[in-house]
1. Count charges around Q310 for me, please; just the other residues with Cβ under 12 Å from its Cβ, Lys/Arg as +1, Asp/Glu as -1.
2. Determine which lysines satisfy two conditions relative to K379: a Cα distance under 22 Å, and not lying fewer than 8 residues away in the same chain.
3. Calculate, for the stretch 236-352, the solvent-accessible area per residue in square angstrom, rolling a 1.4 angstrom probe over the heavy atoms of the protein chains.
4. Multiply the residue gap between D339 and R308 by 0.36 nm, knock off their C-alpha separation, and tell me the result in nm, one decimal place.
5. How high is the relative contact order of the stretch 221-272, in percent, counting Cα pairs under 8 Å that sit 6 or more residues apart?
6. For K324, go through the lysines and keep the ones whose alpha-carbon is under 17 Å away, minus same-chain ones fewer than eight residues off.
7. Please sort 162-168, 224-230, 204-210, 263-269 by packing, taking for each peptide the average over its residues of neighbouring beta carbons within 10 angstrom, highest first.
8. What FRET efficiency comes out for T332 versus R138 if R0 is 56 angstrom and r is the Cβ-Cβ distance? Round to the nearest 0.05.
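The values are calculated or read from the model by the stated rules, or taken from the named source; none is laboratory data. Since this is a predicted model, take the numbers as computed values, not measurements. Quick reminder, even Gly has a Cβ in these numbers, built from the backbone with ideal geometry, and neighbours come from all protein chains shown. Remember, those area values only see protein heavy atoms, side chains included, never the ligands or the DNA or RNA. Shrake-Rupley method; radii C 1.70, N 1.55, O 1.52, S 1.80 Å.
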Amino acid sequence: MPLSELDQPLGRNRRARPRPPVGRWLSRALVGALIVTFTGLTLYAALRRDPDGGEPMATAAIRERPRAPETAATAPDSGRREAPQGPASARQLETESGVTVVRPGADETDIPGAIVITVPDEGTIKLAPSPDKRLVERTRHGFLPKVGPDGATPAQVYARPLGPAPATKPAGRIAIMVGGLGISQSSTSEAIARLPGAVSLAFAPYGADLEKTAARARAEGHEVFLQVPMEPFDYPDNDPGPHTLLTGPKGADNLDRLQWALGRFTGYVGIVNFLGGRLTADDAALTPLLREVAGRGLMVIDDGSSPRSQLAPAATRAQIPALKADLALDGTPRADAIDKELQRLETLARENGVAVATASALPVTVERITRWARTLEAKGLAIVPVSAARGFRNPSSTGSLK
């Protein structure tokens, strides 16, 4: 039976109040606001029609520069002013400024009482590009030097040219080879940048990016050499490094070690020993090595570190252009000691016509050579590349190999 109102549980007959749809109203209002905003921006862009809209713009004031006062005189028969004009020619400019330029071929005696300043033409001496395709062959060790089909050799092509002859004959010529480059990037860069271009540079075969570094040195005018590690008397306590050329039974692989060193970079004029007191005193060990060097058209430099060395005489007998250094500049790596050796070098150059020295790329050495080189012109001395020193050496002088 249906229950009457008195029998029904209290509260069962109430209806739940509906909750106001506030979230729905807010979402609709937000969507409507976005639509209105987008519509307004679209109408603004369409109606404005700004040709520069969206592009970067800047405003600059353009003002007319005040004219300089005119100095031209008024012609007697005309009421107008003539515009100021510059000199009609270079000679007119020279006349108006009071400077006389003596051109090539002119007689300086035509200018009595004049102070003549001669500006030397110090054109940059450029070395031949490297590698020259005629002078390289591809091997498992990389590109090795060789004599070209036309007889050209790396010793000739890659050498630094002497350049124009000096106006007066020097009282002596000096050649310097700075070695140990390519291992320390900072020392190498310092030497390349600071040393005069006529100073020759020798690179050890162990550095990274030797091809690029040697190319940078050649771009600065330095001819380059390759240092070849050779066995000293106290080997292996004093070890020049991997691929060292050895004496005795261990020297059977010397040709392969030499070719490894020769393939480290290109563009070098020749080789120079790195240490090697024992090897350079062993004529039997030198002979096959020098035969290889001769066939590749290279020059040989003896750094003069060993009094018993036979490197230069043996190279000469093998028909290789060779040279022995007269002294080492930084055996004692102090500024005063290096300066003393530089003075000795000057004396040798005056006595023998040319003197050859070796040095390492120590910061103190580079700094002393750089300062000293600035004084040579006043002393009547000149720096020449090591490759050219052989041609100036007197057969009776110290270390001569002719």
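1. Details: positive: R278, R308, R317, K324; negative: D282, D283, D302.
Surrounding charge for Q310 is +1.
2. Partners within reach: K169, K340.
3. Working: 5020 Å² over 117 residues.
Normalised by residue count, the accessible surface of the stretch 236-352 is 43 Å².
4. Numbers: separation 31, 0.36 × 31 = 11.16 nm, distance 2.67 nm.
The span from D339 to R308 would gain 8.5 nm if fully extended.
5. On the way: 53 pairs, mean separation 25.8, N = 52.
Relative CO of the stretch 221-272 lands at 50 percent.
6. K402
7. Numbers: 162-168: 11.3, 224-230: 26.4, 204-210: 17.3, 263-269: 23.7.
Put in order of decreasing packing, that is 224-230, 263-269, 204-210, 162-168.
8. Working: r = 44 Å, r/R0 = 0.79.
For T332 and R138, the calculated efficiency is 0.80.
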